[in-house]
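Here's the structure we're looking at; comments come further down.
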Amino acid sequence: MKRGDLYRVYKGSKNDPKNYRVFVIVSRQVIIDSNFSTVTCAPIYTNFDQLSTQIQVGSAEGLKHDSAIFCDELISLRKNILTNYVGSLSFKKITELNGALKIALELEF
């Protein structure tokens, strides 16, 4: 398990019309490798609103449809539910993800 990996997760939520959702891990690697039971993830949706906090992804990342990572909707997920590996982000996409996260969290470096 590493930063930038995509996993299909069963959500079964009344608020989410889909029973499954793909998430990308955005936690830093030291947290992923630690004994912490959760990691921070961003959901992936098939719509794209062209916001600076959204990153386009698709078949190159293992997805069936063109989609977008929504960095404004970060969520903490238990590591033990991240079992259905879909794919991973390229170095270029991780760089885009970093930029979108900086915008979403209003971080200035």
Where a residue in the stretch 91-109 is under 14 Å from residue 54 (Cβ atoms) and its partner, wherever it lies, is aromatic (Phe, Trp, Tyr) and surrounded by fewer than 18 Cβ atoms within 10 Å (Cβ to Cβ), with Cβ under 9 Å and at least six apart: 102/109
Breaking point among (1) more than 25 Å from residue 103 (Cα to Cα); (2) touching an Asp or Glu at 6+ places or on another chain (Cβ under 7 Å), for residue 43: (1)
Within the stretch 36-57, tally of residues that are within 26 Å of residue 83 (Cβ to Cβ) and aromatic (Phe, Trp, Tyr): 2
Every residue from the stretch 59-80 that is surrounded by 14 or more Cβ atoms within 10 Å (Cβ to Cβ) and of a type in the set (Gly, Ala, Ser): 62, 67, 68
Spans of strands (runs of 3 or more DSSP E) in the stretch 37-109 with at least 1 residues in contact with a Ser or Thr (Cβ under 6 Å, 6 or more places away or on another chain) and either over 13 Å from residue 24 (Cβ atoms) or not β-branched (Val, Ile, Thr) (or both): 38-45, 67-70, 75-78
Options 27, 34; residue that is in a loop (DSSP other than H, G, I, E, B), at pLDDT 95 or above and over 14 Å from the mean Cα position of the chain (by Cα): 34
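The values are calculated or read from the model by the stated rules, or taken from the named source; none is laboratory data. All values reported here derive from a predicted model rather than from experimental measurement. Ideal geometry is used to build each Cβ from the backbone, glycine not excepted, and the neighbour counts take in all protein chains shown.
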